[in-house]
Amino acid sequence: MSRKFKAALFKILMILSTLIISGSLILILWTIASRGVHALTWELVSRLPEGGFYIGKGGGLLNAILGSLYITVGSTLLGLLIAVPVVLYLNVYSREGSRLATVVRFTFDVLFGIPSIVYGAFGFTIMVWLGLRASLLAGIVTVTLVIIPILARAMDEVMRRTPGELSDQTYSLGATRWETSLVFLRQCAPGIMTAILLASGRAIGDAASVLFTAGYTDNLPGSLTQPAATLPLAIFFQLSSPIAEVQDRAYGAALILTAIVLLFSLSAHYFSKRLSKNKI
Amino acid sequence: MTRVRLIKDRISGKLFLAFTLLSILLVVFVGIGLYGKSVPILRQSSLSHLLFSREWKPFKNRFGFLPYIAGSVLVTGLAILIALPLSLMTAVFISEYVPNRIKRLLVPFIDLLSGIPPVIYGVWGVLTIVPFIQDRIAPHFVEFSSGYSALAGGLVLAVMIFPLIISILLEVFGTVPQELRDASLSLGANQWETVYRVVLRKSAPGILAATVLAVSRALGETIAVLMVCGNQTAFPHSVLDPVYPLPALIANNYGDMMSIPLYDSALMLAALILFVIILLFNGLSRVVLYRLERRNNE
Amino acid sequence: MTFEAPHIRVQDLNVHIGDHHILKNISLDIPDKKITSFIGPSGCGKTTLLKTFNRLLDRNKEVRIGGRVLVDGEDIYGKDVEVTGMRRKMGLLSQRPFPLPMSIYDNIAYGPRIHGTRRKKELNGTVEHYLRATGLWEEVKDRLGSPATRLSIGQQQRLCLARGLAVEPEIILGDEPTSALDPLSTQRIEELFLQLKDRYTIVLVTHILRQARRLSDYIVFIYMGEIIEFGPTEEVLLDPKERLTREYVKGYIS
């Protein structure tokens, strides 16, 4: 094979690969949109399941939409409560080149790769150990475990890129590390916003972690100790129904979930050009 | 006044350190928690028996994980086999050939899609991949297939891990110094030869790390695979057979597991196996990627 | 307060970063209420020396410091030193101006606020006073609430100076404070330094010899981590005693 031919051949292969990959991703969006749009009704998003819901009669998925919302907001807040102190410790309190900081960053990279089914199983063992039932609270705690690495890594990446001049300046004014931390948070506000959006996107779409822990119910969760429905599980359960009307609702719910997640991702993109650590 | 400030500073320091230590101990807690739950079944039969036995009869207290392990390996292997060459080609193309103008559109698009929840990939798989296999592929090889098969799982997983592999590879190719490319080009090599001899060769460890990370992502993926792979407990003999990967086993049976003795222990052992393997894979590939990053910074 | 010793006295200072011996046996008295410039080729350790004065090197784990730096007679590397109070005695201007992520007003008020000034009236007075002192008042008085990052880079550097002055330091440290600025802004900063030296002890790091000559009363020439020559500006620049200084001043080494 001549050199030129080889170069041309591989270029064609590369273009083909890029087309296949982009094509399959576009196909997903197209499939979800075209199938979902017919099923999308006001009833679906505004009402609770009614009698005979699962054999195709009236009602909507408000239980799952609100349940997902509660879990997302709850776990993101709880996750921030833990991740913010950690990244401040890494970037403001610990010294440059600290061994502990390296270990912590490595651990978060590894935790990031642990699948949510494992967190789900772990959450379940804790739940059983504490004698709790599947509930909103257990779901929130488990999803928090899933998103802490996402929050911590994304915020850490932004803070590490903050120029050293910032802390030089605050320290020179006589600020303590705590006071410097507050300025750091302000400086990194857009990055923190991005981290929150990325984590929320994951929290709202994750099914495997809530499967064991949040349970499922047709009612709105009245308190933290009651079970809560979630959108991903609503899709999952209704898709396995043999009844076409019920399946259609799954498609509608899939479109809603996709739209929410894409909205999160797009706004995250708006707040930060590109965080490399959000995906790998 | 100053005293109060200094005390606040010291307390916050201690508190933040405690949070940090606690959060990284999560790895240990997860390990211990799952191990504690797995102890009863490990007392009853040996680990090697559990891993290599094909017999899965919870009512008779027989728990052989081999069909599930085989299912996981098959689906993951298929996914990597499909995704790796395509992602590698695409990543090279984006990194080395595409003008910046298009790169700025393509990369965020791929990033965007990696945020789509697994359950959506699952729905897509049920709607397109499964019927496609049932109607177009399976009839050439077997009499009947529902389409819910290892191949369906592999295809859906492959699409899910495209963005992951491409993102890592783009980072990895970015660590290859531009001077090396320039040197190769100025010696008369054409662009493909430069890519092949310089960029890919220099990136070999990174490509390996990306593959290992993709494998561990694929091994742990639950819902999307569960929705399309058929979930039948049998040792698979072809890619058109239905399979039952480990995560699917855990997810599908959580409801019954409290009512059968040792069943919960068996499922938690399955989670522990996943956890340990993925922990190992992740750790190793991170070490490789750290090395590359450091090389880049020096 | 009466001290025999100057504000800053350095005794047998040695700094290692990792395996590198960055500063070797530095002993130096910085003259009070004068401008002292550190000159020398890049990488000679002049910025490192400046940063040892307010313990900004502490944050790096690789740094080891031996010897003493006395500020107002107190060894700042001694035990039980209250670092924040010590640092407050020194304002720092870095190479690039770095406004804090807040409004112009809040930038100036930041220091006084953390040190306990709460009263609005007092803060208003402080902000106006230091903005006037750095010649910014007329330029920004109508937009004190807008983000400091909207100022031009020259204005930002004067804002940073005003912010540093607002915590009432005795010493101003400047780490090549004009290197990012245009000639006009540079001139304004230099004029400010000359006005301020009656009240403050000023230490500047610079690699521009003409700037050192324009501004400083004393010059310290540092080479490979050692002080080669220290003396009044005219003496060091026009009639150096050491061969290395002569070569540097003539531009043979850089």
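Spot the failing condition for B:Thr76; the list is (1) within 9 Å of another protein chain (Cβ to nearest Cβ); (2) in contact (Cβ under 8 Å) with a residue 60 or more places away in the chain, and only one is missed.
(1) is the only condition that B:Thr76 fails.
Pick out the one residue from B:Thr233, B:Thr222 that is facing chain A (nearest Cβ under 8 Å), under 21 Å from B:Ile133 (Cα atoms) and in contact (Cβ under 8 Å) with a residue 60 or more places away in the chain.
Among B:Thr233, B:Thr222, only B:Thr222 is facing chain A (nearest Cβ under 8 Å), under 21 Å from B:Ile133 (Cα atoms) and in contact (Cβ under 8 Å) with a residue 60 or more places away in the chain.
Please pick out the residue among C:Leu70, C:Leu100, C:Leu92 that is facing chain A (nearest Cβ under 9 Å) and part of a strand (DSSP E or B).
C:Leu92
Any chance the stretch C:113-129 includes a residue that's modelled with pLDDT under 95, in a helix (DSSP H, G or I) and under 21 Å from the mean Cα position of the chain (by Cα)?
No, because not a single residue in the stretch C:113-129 is modelled with pLDDT under 95, in a helix (DSSP H, G or I) and under 21 Å from the mean Cα position of the chain (by Cα).
Can you spot a residue in the stretch B:76-89 that is more than 28 Å from B:Pro242 (Cα to Cα) and either modelled with pLDDT of 95 or more or surrounded by fewer than 20 Cβ atoms within 10 Å (Cβ to Cβ) (or both)?
Within the stretch B:76-89 (the criterion being more than 28 Å from B:Pro242 (Cα to Cα) and either modelled with pLDDT of 95 or more or surrounded by fewer than 20 Cβ atoms within 10 Å (Cβ to Cβ) (or both)), the answer is yes, since at least one residue qualifies.
Return the only residue of B:Pro131, B:Pro108 being away from every other protein chain (no Cβ under 11 Å) and either surrounded by fewer than 23 Cβ atoms within 10 Å (Cβ to Cβ) or out of contact with any strand residue (DSSP E or B) (no Cβ under 6 Å at 6 or more places or on another chain) (or both).
B:Pro131
Which numbered condition trips up B:Leu25, out of (1) within 10 Å of another protein chain (Cβ to nearest Cβ); (2) crowded, with 16+ Cβ neighbours inside 10 Å; (3) modelled with pLDDT of 90 or more?
It is condition (2) that B:Leu25 fails.
Do we find a residue being under 15 Å from A:Val87 (Cα atoms), touching a residue at least 24 places away in the same chain (Cβ under 8 Å) and part of a helix (DSSP H, G or I) anywhere in the stretch A:135-148?
yes
What residue, among those in the stretch B:179-198 that are out of contact with any helix residue (DSSP H, G or I) (no Cβ under 6 Å at 6 or more places or on another chain) and outside any loop (DSSP other than H, G, I, E, B), is farthest from B:Ile116 (Cα to Cα)?
B:Ser186
Tally the residues that are surrounded by fewer than 19 Cβ atoms within 10 Å (Cβ to Cβ) and in contact (Cβ under 8 Å) with a residue 40 or more places away in the chain, restricting the search to the stretch B:183-198.
So the count comes out to 1.
Looking at the stretch A:189-221, which of its residues are buried (at least 24 other Cβ atoms within 10 Å of the Cβ) and not in a helix (DSSP H, G or I)?
A:Asp206, A:Ala207, A:Ala214
Restricting attention to the stretch C:159-177, does a residue exist that is touching a residue at least 24 places away in the same chain (Cβ under 8 Å) and away from chain A (no Cβ under 14 Å)?
No: the stretch C:159-177 contains no residue that is touching a residue at least 24 places away in the same chain (Cβ under 8 Å) and away from chain A (no Cβ under 14 Å).
Which one of the conditions (1) within 14 Å of another protein chain (Cβ to nearest Cβ); (2) polar (S, T, N, Q); (3) surrounded by fewer than 17 Cβ atoms within 10 Å (Cβ to Cβ) does C:Thr84 fail to meet, given that it meets all the rest?
(3)
Taking the condition of being among the small types (Gly, Ala, Ser) and either buried (at least 24 other Cβ atoms within 10 Å of the Cβ) or assigned to a strand (DSSP E or B) (or both), how many residues in the stretch C:20-44 meet it?
3
Just a yes or no: is a residue in the stretch A:155-168 more than 28 Å from B:Pro245 (Cα to Cα), touching a strand residue (DSSP E or B) at 6+ places or on another chain (Cβ under 9 Å) and not charged (D, E, K, R)?
For the stretch A:155-168, residues more than 28 Å from B:Pro245 (Cα to Cα), touching a strand residue (DSSP E or B) at 6+ places or on another chain (Cβ under 9 Å) and not charged (D, E, K, R): present.
Condition first: of a type in the set (Ser, Thr, Tyr) and more than 14 Å from chain C (Cβ to nearest Cβ). Now tell me which residues in the stretch A:129-170 satisfy that.
A:Ser135, A:Thr142, A:Thr144
What about A:Ile260, is it surrounded by 16 or more Cβ atoms within 10 Å (Cβ to Cβ), closer than 14 Å to B:Gly115 by Cα, away from chain B (no Cβ under 12 Å) and of a type in the set (A, V, I, L, M, F, W, C)?
It is false that A:Ile260 is surrounded by 16 or more Cβ atoms within 10 Å (Cβ to Cβ), closer than 14 Å to B:Gly115 by Cα, away from chain B (no Cβ under 12 Å) and of a type in the set (A, V, I, L, M, F, W, C).
Which residues, counting only those in the stretch B:258-277, are in contact with a Phe, Trp or Tyr (Cβ under 9 Å, 6 or more places away or on another chain), surrounded by fewer than 24 Cβ atoms within 10 Å (Cβ to Cβ) and small (Gly, Ala, Ser)?
Once the filter is applied, which keeps residues that are in contact with a Phe, Trp or Tyr (Cβ under 9 Å, 6 or more places away or on another chain), surrounded by fewer than 24 Cβ atoms within 10 Å (Cβ to Cβ) and small (Gly, Ala, Ser), the stretch B:258-277 yields only B:Ser265.
Is there a residue in the stretch B:277-288 that is over 18 Å from B:Leu226 (Cα atoms) and of a type in the set (Phe, Trp, Tyr)?
There is at least one residue in the stretch B:277-288 that is over 18 Å from B:Leu226 (Cα atoms) and of a type in the set (Phe, Trp, Tyr).
B:Glu179 fails exactly one of the following numbered conditions: (1) surrounded by 24 or more Cβ atoms within 10 Å (Cβ to Cβ); (2) more than 10 Å from every other protein chain (Cβ to nearest Cβ). What is the number of that condition?
(1)
Of the residues C:Arg199, C:Arg213, C:Arg158, which single one is more than 25 Å from C:Pro6 (Cβ to Cβ), charged (D, E, K, R) and not in a strand (DSSP E or B)?
Just a single option satisfies the conditions, and that option is C:Arg158.
Before we move on, is A:Gly191 in the same structural domain as A:Gly120 (by TED's automatic domain parsing), touching an Asp or Glu at 6+ places or on another chain (Cβ under 9 Å) and either farther than 29 Å from A:Trp30 by Cα or without any contact (Cβ under 8 Å) to a residue 40 or more places away in the chain (or both)?
Yes.
Among the residues that make up the stretch B:237-251, is at least one of them among the acidic types (Asp, Glu), under 16 Å from B:Ala150 (Cα atoms), more than 14 Å from the chain's Cα centre (by Cα) and part of a loop (DSSP other than H, G, I, E, B)?
yes
Check C:Leu49, C:Leu13 and return the single one that is in a strand (DSSP E or B) and more than 14 Å from chain A (Cβ to nearest Cβ).
C:Leu13 is the lone residue from the list that is in a strand (DSSP E or B) and more than 14 Å from chain A (Cβ to nearest Cβ).
From B:Met257, B:Met227, B:Met268, which residue is within 10 Å of chain A (Cβ to nearest Cβ), hydrophobic (A, V, I, L, M, F, W, C) and not in a helix (DSSP H, G or I)?
B:Met257
Quick check: is even one residue across the stretch A:235-256 within 11 Å of chain B (Cβ to nearest Cβ), part of a loop (DSSP other than H, G, I, E, B) and over 24 Å from A:Gly56 (Cβ atoms)?
The answer is no, given that none of the residues of the stretch A:235-256 is within 11 Å of chain B (Cβ to nearest Cβ), part of a loop (DSSP other than H, G, I, E, B) and over 24 Å from A:Gly56 (Cβ atoms).
Residue under question is B:Tyr121, and the condition is that it be within 12 Å of chain A (Cβ to nearest Cβ) and either of a type outside the set (A, V, I, L, M) or more than 26 Å from the chain's Cα centre (by Cα) (or both); does it hold?
Answer is yes for this residue.
Looking only at helices (runs of 4 or more DSSP H) that fall completely inside the stretch A:1-118, which ones have 3 or more residues that are crowded, with 20+ Cβ neighbours inside 10 Å?
Of the helices (runs of 4 or more DSSP H) lying wholly inside the stretch A:1-118, those with at least 3 residues that are crowded, with 20+ Cβ neighbours inside 10 Å span A:3-39, A:62-88, A:99-113.
Would it be correct to say that B:Ala150 is at pLDDT 90 or above, buried (at least 16 other Cβ atoms within 10 Å of the Cβ) and within 20 Å of B:Pro245 (Cβ to Cβ)?
yes
The values are calculated or read from the model by the stated rules, or taken from the named source; none is laboratory data. Computed from a predicted structure; not experimentally measured. Every residue, glycine as well, gets a Cβ built from its backbone with ideal geometry; the counts of neighbours run over all protein chains shown.
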